[in-house]
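J.: Okay, here's the structure, questions in a sec.
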Amino acid sequence: MTIKKRAFIAGVYEHPRREISDRSIAQVHAEVALGALADAGLSLSDVDAYFCDSTAGFGPLSMVEYLGLHPRHVDSTETGGSSYVVHVGHAAAAIAAGQCQVALLTLAGLPRSGRMRGGPAGGGPESSFEAMWGMAGAVTSYALAAQRHMFEFGTTSAQLAEVKVAASLHAQHNPRAFLQTPITVEEVLASPMISSPLHRDDCCVVTDGGGACVVVSPEVARDLPRRSVTILGHAETVKHADNGRIDIVSTGARTTGPLAMAEAGVSPGDIDYASIYDSFTITVIETLEDLGFCEKGQGGRFVLDGNLVAPHGKLPFNTDGGGLCNNHPSNRGGMTKVIEAVRQLRGEAHPAVQVPDCEIALAHGTGGSIGTRHGSSTVILGREDA
Amino acid sequence: MPSQLPAPAPEPTPETEAFWSATAEGRLLLARCDECDAVIWYPRAFCPACASLSVSWIEASGNGTVYSFTIVHRSMGRFREAVPYVLAYVELAEGPRVMTNIIGCDPDAVYIGQAVRVVFCDTGEGSALYRFEPVAT
């Protein structure tokens, strides 16, 4: 069974705020749910499937009750930042299988306000061999990957910085972006070293917020007033330490990119716009290579010459400013990756960064750490309305 | 021991008790599959290479090389005041790449490919952590 063109994204919504100290996490879920449903032209009573990650409460149980839903399909697959890219694929599969018609996916989290709840942290069988070395958040293990990438391929800190520079050029057009000021390579390199070779400005922002997405069947999509976006292909995997023979210079995108593109019937050269998970600058470099936009090891060179800069770069990426500048709600960027890809395909990105004639978009999520283990998911979206 | 790094006590499980008892005695053990001879990391009573439940302990040589490393400049909890320190993957002579710290040298002296040897750091709670020091050349 393929999901190709058998489900459509009919509505998306990104919470406008980046600091939300006056709301509960559940309230933010509700706000983004209503936002995406309104965008789609649907209401909560139309929803028959619900998706969220593990920080929403007791799996989907809490939010299904809070929102007053009565779904016939639920899914709370937890793969960290890639979760919501996974959920888009799962929603499409459930719709293609006839299990549901209107799937609501909601994300919310308040880490900036110090109210991060639950989540997959620690406790796994690997943790007692990793927890005592002074790992200071995800940056430490991503730094291990960056250091090795530099060693094997000659990648430089200035090349990593180009990723942040491109994101900042986009974020200047996003009045809601957490960081809106364009930055230079020199400024990135002058920012404090956090975990070598990663500087502060190689890291994504920490923001409160959320987002939602509504995935519907072709029958539902056809009756809706707004332009929908078709789902052409999807894949997911977990890449891990592989019995201690860990490879930290490549990511699960090496698996999911080709699978998703094969299902969609496209190749890297067909992609007009890409949302690439950008927890750190090195995440983007490795993912670009693994998705096939350049040869392995050439990611650092690929990002030079403005290749990532919209609208006219070779591969315009993260035109909302991405996780590096705009938003990384709940420490999970997969949702915002999907949302900006939908904006591009609808022609609703900011005019300064709208890719002309954008027909095929890719959104890729990376959750966990490329320096240890991570979930990886790729979705290919098409402009074709239902 | 030259390191001022905190040494948080590990939390052994029935699956890893023998491993942590050995580090307290100054020995680094590795799990090895009885069926396919794969050296297993992290230690577990299951072979991810061939799905065998029959696994035995062997003693590691304690020798390795730095596979990758980072100098941590901002940290948290017990490690907040310990910066800068080195967190690394060491590739053991037996094959696995293990997460650890490099101690006993200036952080700026660590490099990929550097020969290192295991040392044991007392947690003060009857257990010890395996860390690595550069081999004098």
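The values are calculated or read from the model by the stated rules, or taken from the named source; none is laboratory data. No experiment lies behind these values; they were computed from the predicted model shown. Note that we place each Cβ from the backbone using ideal geometry, even for glycine, and neighbour counts take in every protein chain shown.
J.: Residues in segment A:145-164: is at least one assigned to a helix (DSSP H, G or I), surrounded by fewer than 21 Cβ atoms within 10 Å (Cβ to Cβ) and without any contact (Cβ under 8 Å) to a residue 24 or more places away in the chain?
T.: yes
J.: Can I ask one more? Among the numbered criteria (1) facing chain B (nearest Cβ under 9 Å); (2) outside any helix (DSSP H, G or I); (3) under 24 Å from the mean Cα position of the chain (by Cα), which one does A:L104 miss?
T.: Among (1) facing chain B (nearest Cβ under 9 Å); (2) outside any helix (DSSP H, G or I); (3) under 24 Å from the mean Cα position of the chain (by Cα), the lone unmet condition for A:L104 is (1).
J.: Mind listing just one residue for me: the one in segment A:12-54 that is buried (at least 23 other Cβ atoms within 10 Å of the Cβ) and hydroxyl-bearing (S, T, Y) and, of those, nearest to A:G323 (Cα to Cα)?
T.: Of everything passing the filter in segment A:12-54, A:Y13 is nearest to A:G323 (Cα to Cα).
J.: Which residue, of A:E152, A:E187, A:E126, A:E130, is within 26 Å of A:V249 (Cβ to Cβ), among the charged types (D, E, K, R) and more than 8 Å from chain B (Cβ to nearest Cβ)?
T.: From the options A:E152, A:E187, A:E126, A:E130, the qualifying one is A:E152.
J.: Filter segment B:33-48 down to the residues that are of a type in the set (F, W, Y) and either more than 7 Å from chain A (Cβ to nearest Cβ) or touching a Gly at 6+ places or on another chain (Cβ under 6 Å) (or both) and list them by number.
T.: B:W41, B:F46
J.: Do you know which residues across segment B:1-43 are over 24 Å from A:G134 (Cβ atoms) and basic (K, R)?
T.: B:R32
J.: Among the candidates B:S54, B:S75, single out the residue that is at pLDDT 95 or above, among the polar types (S, T, N, Q) and surrounded by fewer than 16 Cβ atoms within 10 Å (Cβ to Cβ).
T.: B:S54
J.: So, one more: What about A:Y84, is it among the hydroxyl-bearing types (S, T, Y), under 16 Å from the mean Cα position of the chain (by Cα) and at pLDDT 95 or above?
T.: Spelling it out, A:Y84 is indeed among the hydroxyl-bearing types (S, T, Y), under 16 Å from the mean Cα position of the chain (by Cα) and at pLDDT 95 or above.
J.: Within segment B:84-97, track down each residue that is without any contact (Cβ under 8 Å) to a residue 24 or more places away in the chain and under 18 Å from A:E130 (Cα atoms).
T.: Listed by number, the residues that qualify are B:L87, B:Y89.
J.: Residues B:T123, B:T100: which one is under 16 Å from the mean Cα position of the chain (by Cα), within 9 Å of another protein chain (Cβ to nearest Cβ) and in contact (Cβ under 8 Å) with a residue 60 or more places away in the chain?
T.: Only one candidate qualifies: B:T123.
J.: Right, another one. Just checking, which of A:V238, A:V205 is within 14 Å of chain B (Cβ to nearest Cβ), touching a residue at least 60 places away in the same chain (Cβ under 8 Å) and under 30 Å from B:Y89 (Cβ atoms)?
T.: A:V238
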